[in-house]
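> I have a structure I would like to understand better, so I am pasting it below and will then ask my questions one at a time.
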Amino acid sequence: MEVQCYLFVLLGSTLFVDKSRDRLRPAINLFLKDHRRLTDYAWGAGALAYLYRQLGVATRAGSKSLCGCLTLLQAWIYEYFPLFRPSQLPQSPDAPRASSWISPRLPGGDEARQRLARYRQLLDELSADDVTWTPYGRDGHTDIPRSLYTGPIRFSDIAEGYDPARCLRQFGYRQIIPCAMTVPHDQYRPASGSSYIVYWDSWVNQLWDNVAARRLDLNFASRPCEHPSETVEEYVDWFLTRSHPRITHPTDGVPQPRPLLVHQVSYDFLLLFQI
């Protein structure tokens with residue numbers, strides 16, 4: 001019982017954090033009843049599904065904060081975007097990568113607002129050369145085959161789509177226009193913005209265990225790229241019809257970034273949130 005309580009608090013305060021501050025999701029306990037099965041669960045996929053859901057909630061107009069495993073999100077940002085990295089400590093190869101970053105001092109007041117405006121401008125001016133496309137090397141998918149899994153990933157009642165074809169450049173391959181993702185059959189999004197509910201068909205529960213059928217074949221889908229940010233010719237036009245290319249509104253008085261060549265465009269840094 002003591003071990004179960006410890007793990008309940010540990011997971012609830014790290015991987016599956018909510019906005020209540022002093023309460024934990026009871027669904028975590030469902031996975032802790034039998035300590036012999038703890039290694040049977042894909043905790044990384046579960047934490048990622050939960051974070052995806054919280055990122056979706058955070059985009060709602062009525063949402064004022066973000067939760068989930070923000071350590072994972074921060075470490076991901078530092079790995080891919082050098083412009084936003086803090087200082088880093090040397091460490092052994094066996095140590096967790098996220099532990100090497102030195103947490104920056106959190107500003108307040110006017111300094112915080114100025115930093116936010118600066119970050120928005122940097123994101124709007126981001127070019128392909130400002131992105132580290134393969135921070136884990138070009139063979140990361142060989143070392144971790146499940147990184148090429150395509151389909152829903154889930155934690156308890158939360159299931160979110162995962163499609164590596166939307167970010168092929170992190171594997172060293174040319175970005176293509178991805179196929180449509182598996183979508184839920186229904187959803188409910190309350191106006192409050194505090195949460196939303198997605199309903200999936202029961203068959204999605206079987207996809208994670210069918211690795212052979214649900215693994216993306218990189219060589220069939222694309223080809224190794226010569227330039228780290230290489231895309232097919234039609235990709236940028238496809239992407240711009242499905243996303244917001246700028247964070248700063250034109251009326252905010254911030255100078256517009258310089259025009260970029262097609263091969264330099266890196267608006268799709270937003271899609272990397274789906275890794």
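> So, in the stretch 134-151, of the ones that are part of a helix (DSSP H, G or I) and in contact with a helix residue (DSSP H, G or I) (Cβ under 9 Å, 6 or more places away or on another chain), which residue ends up least open to solvent (accessible area, probe 1.4 Å)? Reasoning before the result, please.
From the stretch 134-151, those part of a helix (DSSP H, G or I) are 140-143, 145-148; that's our starting set.
Checking the rest, the ones that are also in contact with a helix residue (DSSP H, G or I) (Cβ under 9 Å, 6 or more places away or on another chain) come to 140-141, 146-148.
Working: 140: 24, 141: 24, 146: 92, 147: 27, 148: 3 Å².
Ranking the qualifying residues of the stretch 134-151, first place goes to 148.
> Every residue in the stretch 50-74 that is of a type in the set (Gly, Ala, Ser) and either open to solvent by 30 Å² or more (accessible area, probe 1.4 Å) or touching a Ser or Thr at 6+ places or on another chain (Cβ under 9 Å) (or both), please. Don't jump to the end; show me each part of the working.
Step one: of the stretch 50-74, the residues of a type in the set (Gly, Ala, Ser) are 56, 58, 61-63, 65, 68.
Across the stretch 50-74, the qualifying residues are 58, 61, 62, 63, 65.
> Now, a different point. Which residues, taken from the stretch 55-83, are polar (S, T, N, Q) and at pLDDT 90 or above?
Keep residues of the stretch 55-83 that are polar (S, T, N, Q), which gives 59, 63, 65, 71, 74.
71, 74, listed by residue number.
> Something else: Based on what the data block shows, is residue 80 surrounded by 15 or more Cβ atoms within 10 Å (Cβ to Cβ), under 21 Å from residue 58 (Cβ atoms) and not hydrophobic (A, V, I, L, M, F, W, C)?
Details: surrounded by 15 or more Cβ atoms within 10 Å (Cβ to Cβ): yes; under 21 Å from residue 58 (Cβ atoms): yes; not hydrophobic (A, V, I, L, M, F, W, C): yes.
Here the answer is yes, as residue 80 does meet what is asked.
> Could you list, in sequence order, the residues of the stretch 86-133 that are free of Cβ contacts under 8 Å to residues at least 60 places away in the same chain, in a helix (DSSP H, G or I) and open to solvent by 80 Å² or more (accessible area, probe 1.4 Å)? Spell out the reasoning first.
From the stretch 86-133, those free of Cβ contacts under 8 Å to residues at least 60 places away in the same chain are 86-116, 118-119, 122, 132; that's our starting set.
Applying the additional criterion that residues be in a helix (DSSP H, G or I) yields 97-100, 109-116, 118-119, 122.
Passing the criteria: 97, 110, 113, 114, 115, 116, 118, 119.
> While we're looking at this one, here's another question. So, in the stretch 20-39, exactly how many residues are touching a residue at least 12 places away in the same chain (Cβ under 8 Å), open to solvent by 100 Å² or more (accessible area, probe 1.4 Å) and not in a helix (DSSP H, G or I)?
Result for the stretch 20-39: 1.
One line per residue, one yes/no per condition, for (1) of a type in the set (Asp, Glu); (2) surrounded by 11 or more Cβ atoms within 10 Å (Cβ to Cβ); (3) closer than 18 Å to residue 51 by Cα:
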| site | (1), (2), (3) |
| --- | --- |
| 180 | no, no, no |
| 198 | no, yes, yes |
| 203 | no, no, no |
| 207 | no, yes, no |
| 233 | yes, no, no |
| 241 | no, no, no |
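> Right, next: Consider residue 171 carefully, then state whether it is aromatic (Phe, Trp, Tyr), closer than 23 Å to residue 85 by Cβ and touching a Gly at 6+ places or on another chain (Cβ under 8 Å).
Numbers: aromatic (Phe, Trp, Tyr): yes; closer than 23 Å to residue 85 by Cβ: yes; touching a Gly at 6+ places or on another chain (Cβ under 8 Å): yes.
Spelling it out, residue 171 is indeed aromatic (Phe, Trp, Tyr), closer than 23 Å to residue 85 by Cβ and touching a Gly at 6+ places or on another chain (Cβ under 8 Å).
> Then there is this: Here is a check on your reading of the model: is residue 83 over 30 Å from residue 127 (Cα atoms) and part of a helix (DSSP H, G or I)?
On the way: over 30 Å from residue 127 (Cα atoms): no; part of a helix (DSSP H, G or I): yes.
Criteria not met by residue 83.
> Report whether or not residue 66 is closer than 23 Å to residue 152 by Cα, of a type in the set (A, V, I, L, M, F, W, C) and not in a helix (DSSP H, G or I).
Working: closer than 23 Å to residue 152 by Cα: yes; of a type in the set (A, V, I, L, M, F, W, C): yes; not in a helix (DSSP H, G or I): yes.
So residue 66 fits the description; yes.
> Quickly run through the stretch 199-235 and pick out the residues that are part of a helix (DSSP H, G or I), under 16 Å from residue 165 (Cβ atoms) and within 22 Å of the chain's Cα centre (by Cα). Show your work before the answer.
Narrowing the stretch 199-235 to residues part of a helix (DSSP H, G or I): 202-206, 218-221, 235.
Still in the list and also under 16 Å from residue 165 (Cβ atoms): 218-221, 235.
Those that are part of a helix (DSSP H, G or I), under 16 Å from residue 165 (Cβ atoms) and within 22 Å of the chain's Cα centre (by Cα): 218, 221, 235.
> Would you call residue 47 within 19 Å of residue 156 (Cα to Cα), open to solvent by less than 70 Å² (accessible area, probe 1.4 Å) and part of a helix (DSSP H, G or I)?
Considered against the rule, which asks whether it is within 19 Å of residue 156 (Cα to Cα), open to solvent by less than 70 Å² (accessible area, probe 1.4 Å) and part of a helix (DSSP H, G or I), residue 47 comes out as yes.
> Quick test of your reading of the structure: residue 187 fulfils all but one of (1) modelled with pLDDT of 85 or more; (2) surrounded by fewer than 14 Cβ atoms within 10 Å (Cβ to Cβ); (3) of a type outside the set (Asp, Glu); (4) assigned to a strand (DSSP E or B). Name the failing condition by number.
So the condition that residue 187 fails would be (1).
> How many residues, within the stretch 209-223, are surrounded by 13 or more Cβ atoms within 10 Å (Cβ to Cβ) and not polar (S, T, N, Q)? Show your work before the answer.
Initially, the stretch 209-223 is screened for residues surrounded by 13 or more Cβ atoms within 10 Å (Cβ to Cβ), giving 214-216, 218, 221-223.
Subsequent filtering for residues that are not polar (S, T, N, Q) retains 214-216, 218, 221, 223.
Residues in the stretch 209-223 being surrounded by 13 or more Cβ atoms within 10 Å (Cβ to Cβ) and not polar (S, T, N, Q): 6 in total.
The values are calculated or read from the model by the stated rules, or taken from the named source; none is laboratory data. In this text, all values refer to a predicted model and were calculated from it rather than measured experimentally. All Cβ positions, glycine included, derive from the backbone under ideal geometry; neighbour counts span all protein chains shown. Areas reflect the complete protein model, heavy atoms only, side chains present, ligands, DNA and RNA absent. Shrake-Rupley method; radii C 1.70, N 1.55, O 1.52, S 1.80 Å.
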